[in-house]
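Reading through the structure tokens given below for one structure.
Taken together, the values in this text are just the output of simple stated rules run on the coordinates, not laboratory data. Bear in mind that the values here come from a model prediction, so they are computed numbers and not experimental data. So basically every Cβ, Gly included, is an ideal-geometry build from the backbone, and we count neighbours across all protein chains shown.
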Amino acid sequence: MALLEYKCPNCGGPISFDPGTQEMICPFCDSKMNVEALKARDEELAVNQDQFPESADWYYEGNGWEPNEQQGMVVYSCNSCGGEIVGDETLGAASCPFCGNPVVMTSKFAGTLRPDMVIPFKLNKAAALASLQNHYLKKKLLPQAFKDKNHLDEIKGVYVPFWLFDADADAHIEYHATKVRHWSDKEYNYAETSSYRVIREGSVGFSRVPVDGSRAIGDTLMESIEPYSMTEAVDFQTAYLAGYFANKYDVDSTESSDRANERIRNSTVSAFAKTVTGYNSVSAQSTNTSIVSGIYSFLSAAYSTFYAFFFF
């Protein structure tokens, strides 16, 4: 199984992507290389993924793997030291646990599996830790476990696969709204309630609605940290993955479209509700929304990208 490694042309040491300089850095001789200069390494991934077979070589010098232990797992052999890199079948980038060499599993990003874009890391691990610790200072009741240094040292940079959807939505929504007027005289206090039938109808366009393409990370978690800055997206290159963890998608565009439809409908209803103002109360009586354009497929309206996050 093919592993792609990035080596320093000057000393042969492993190089990885540095968020601070947005370049490839060698920690041994301090050499720097532009990511674009390594673009040729990615050209072979544009071919059909059949050239990068997914079959894994299972081996262990001791007791053999049980069938249930092999399920969903893959073993790679590090090209630098020969050590085993064990991960699940979606693992796309990691580091050798023995020599620390950053590797990219080429079969995970070949052919139709190749993302279109990537948002590279902007913070390195040290900067991410400093930002997190500064955030903790404002949380007086935070459990000590969150501040424990051993816990924080486990922070990892992970690229998460996403599908992006473009679509237009039509909606016809009817609301029941009320206005209440109060006044009084010498004898009584009065309240007059007027009821209104409010109708809103129109279309809303959506561009690049993100849907998490990994089962390992919850959709709700990823949506809670939106929005993502698509202005920082660049053409995908495996060099950006060097030194970090990454998974290929295991939720395809067809399955992700259900989540996209749900997000688009909810956003449409929310956008229309914000236009009904000036009333004391508003409640939706009937809601009719439909997706009128946007074919959810990998080749047209849906396309993939990687977002960068730190997890621990």
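For this structure, a couple of remarks:
- Legend: distances between Cα atoms for LYS39/LYS156; LYS7/LYS32; LYS7/LYS248; LYS179/LYS274; LYS122/LYS156; pairs beyond 20 Å are LYS39/LYS156; LYS7/LYS248.
- For the stretch 219-260, a simple Cβ point-charge model (Lys and Arg +1, Asp and Glu -1, everything else neutral) yields a dipole of about 180 debye relative to the Cα centre.
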